[in-house]
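Right, one structure below, let's go through it.
Throughout, read-outs are computed from the coordinates displayed, never taken from laboratory work. Just so it is clear, the model here is predicted, and its values are computed rather than measured. Here the Cβ is made from the backbone with ideal geometry for all residues, glycine too, and neighbour counts use every protein chain on show.
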Amino acid sequence: MLVTFNTQAKVRKSLSQVYEEINKKEFIYIDRGCIVNIIHIMQVKNGEVVLKNKETLPISRSHIQSTKELINTFWGNEL
């Protein structure tokens, strides 16, 4: 399932295939089953990302450090 700001769509591809097709630096894996656009992340708190719309998504323990690093790198390069 792909979720965007105002739509949802079912996709018959693996998440890794979708990730490869997106091929944009602002999209990151935060969990085995979740890719997020960094632009919509407001903060990382208690093992979760908080999105601009106030929704929270869990970050797997194996991705928490890389998620923080990727967010810092992305925003450091964009500012």
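Scan the range 52-72 for residues that are hydrophobic (A, V, I, L, M, F, W, C), buried (at least 16 other Cβ atoms within 10 Å of the Cβ) and under 11 Å from the mean Cα position of the chain (by Cα) and jot them down. If the condition is that a residue be hydrophobic (A, V, I, L, M, F, W, C), buried (at least 16 other Cβ atoms within 10 Å of the Cβ) and under 11 Å from the mean Cα position of the chain (by Cα), then Ile59, Leu70, Ile71 are the ones that fit.
In the set Leu57, Leu15, which member is in contact (Cβ under 8 Å) with a residue 12 or more places away in the chain and in contact with a Cys (Cβ under 7 Å, 6 or more places away or on another chain)?
Leu57
Sort out which residues of the range 40-60 are under 24 Å from Asn6 (Cβ atoms) and in a strand (DSSP E or B), and write them in order of number.
Ile41, Met42, Gln43, Glu48, Val49, Val50, Leu51, Thr56, Leu57, Pro58
Would you confirm whether any residue within the range 3-15 is among the hydroxyl-bearing types (Ser, Thr, Tyr) and surrounded by 10 or more Cβ atoms within 10 Å (Cβ to Cβ)? Taking every residue of the range 3-15 in turn, none turns out to be among the hydroxyl-bearing types (Ser, Thr, Tyr) and surrounded by 10 or more Cβ atoms within 10 Å (Cβ to Cβ). Of everything in the range 1-24 that's among the hydrophobic types (A, V, I, L, M, F, W, C) and in a loop (DSSP other than H, G, I, E, B), which residue is nearest to Lys52 (Cα to Cα)? Only one residue fits best here, namely Phe5. With the condition kept exactly as written, say whether any residue in the range 65-78 is at negative phi and in a loop (DSSP other than H, G, I, E, B). Looking through the range 65-78, none of the residues is at negative phi and in a loop (DSSP other than H, G, I, E, B).
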